[in-house]
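Structure, as structure tokens:
Read-outs: derived from the displayed coordinates by stated rules, not from any lab. Because the structure is a prediction, the values reported are computed rather than measured.
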Amino acid sequence: MPAFEPSVATPLVRAVESARLMGAQTIVTGLSADIASALVAQDLDLGAIAVAGDLQAGIEDAVR
């Protein structure tokens with residue numbers, strides 16, 4: 001994610017939670033420190049979101 005609009009945080013978390021309820025796991029890759037801080041500042045429950053440092057790590061997590 002090259003940029004982050006705070007207004008999309010809640011819909012993003014809801015989409016991840018909806019996917020989880022249907023049996024899918026969401027893996028987010030490539031978050032910068034600034035975007036991670038912005039997400040945390042939204043005070044949302046991010047526990048359902050798996051995070052990988054880069055796309056390769058995300059693919060490896062998905063394959064496991």
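So for the chain, what percent of the C-alpha to C-alpha distances run longer than 15 Å? Before the final figure, lay out the partial values.
Working: 1069 of 2016 pairs.
Of all Cα-Cα distances in the chain, 53 percent exceed 15 Å.
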Review point. Mind listing the phi-derived Karplus ³J(HN,Hα) values for the stretch 54-64, rounded to whole Hz, using 6.51, -1.76 and 1.60 with θ = phi - 60°, and x for any glycine or proline?
Key: 8, 4, 4, 5, x, 5, 4, 4, 5, 5, 6
